[in-house]
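The values are calculated or read from the model by the stated rules, or taken from the named source; none is laboratory data. These numbers come from a predicted model, not from an experiment. Backbone-built Cβ (ideal geometry, glycine too); neighbour counts: all protein chains shown.
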């Protein structure tokens with residue numbers, strides 16, 4: 001009964017956690033991520049920093065590959081950016097007009113979103129000049145490339161000041177063997193030496209039997225008899241019988 005109650009309690013807590021997580025937490029985080037450019041940018045930068053510090057990437061150790069992957073990924077995820085990231089682009093187009101970067105997020109079904117980015121320039125005359133989003137992708141690529149390069153360089157300096165992972169030094173202390181241990185070691189060495197001795201020739205009585213078998217023309221039984229009483233291989237036993 002007690003075990004069943006624990007199982008039911010576990011199932012209830014698990015179901016409540018899933019409802020809370022996917023009913024409120026995940027949708028709230030997703031909405032904030034989709035509609036807030038600052039959260040997107042900070043999240044990407046935070047993940048990049050965690051990866052670099054956790055794996056201790058530097059310019060000498062694969063930092064360039066991490067920057068390349070994160071730059072491409074961020075260019076696609078955070079195309080619209082935020083007012084801070086878009087400020088240099090505003091300065092670039094300021095002689096022509098006012099930059100306007102907008103993003104439409106449409107939710108067609110639970111978990112299905114369509115995101116459309118728009119890049120326009122509002123001229124002083126009131127004319128709206130629509131530009132291809134390819135320019136926005138290009139700008140975002142170089143913006144994140146510069147951001148990750150600077151951040152990676154700073155983190156590389158921090159990594160250089162961190163203690164390196166080293167194997168702990170193991171100090172060995174010489175301990176002399178006792179008399180009993182020396183006797184056991186000597187006996188073991190003797191046993192191993194005796195076990196390693198290879199029997200090259202059969203006993204005298206077996207040799208006589210082998211000669212008789214050879215004399216009778218029974219070479220195969222003679223070879224088998226030699227192998228039974230020696231450690232010779234088949235080829236060595238054959239040569240032994242032929243020379244006997």
Residue under evaluation residue 48, criteria (1) over 28 Å from the mean Cα position of the chain (by Cα); (2) modelled with pLDDT of 95 or more, criterion not met: (1)
Residue list for the stretch 168-184, restricted to those being at pLDDT 75 or above and surrounded by 10 or more Cβ atoms within 10 Å (Cβ to Cβ): 181, 182, 183, 184
Lone unmet requirement of (1) touching a helix residue (DSSP H, G or I) at 6+ places or on another chain (Cβ under 8 Å); (2) surrounded by 17 or more Cβ atoms within 10 Å (Cβ to Cβ); (3) closer than 25 Å to residue 36 by Cα for residue 63: (3)
Close pairs from the stretch 124-150: first more than 23 Å from residue 84 (Cβ to Cβ), partner part of a loop (DSSP other than H, G, I, E, B), Cβ under 8 Å, at least 6 apart: 129/96
Failed item, numbered, when residue 31 is tested on (1) within 30 Å of residue 128 (Cβ to Cβ); (2) in a helix (DSSP H, G or I); (3) in contact with a helix residue (DSSP H, G or I) (Cβ under 8 Å, 6 or more places away or on another chain): (3)
Lone unmet requirement of (1) at pLDDT 80 or above; (2) exposed (fewer than 13 other Cβ atoms within 10 Å of the Cβ) for residue 38: (2)
Residue within the stretch 140-152 that is modelled with pLDDT under 85 and assigned by TED's automatic domain parsing to the domain that holds residue 59 present: no
Residue within the stretch 85-105 that is surrounded by 17 or more Cβ atoms within 10 Å (Cβ to Cβ) and closer than 30 Å to residue 24 by Cβ present: yes
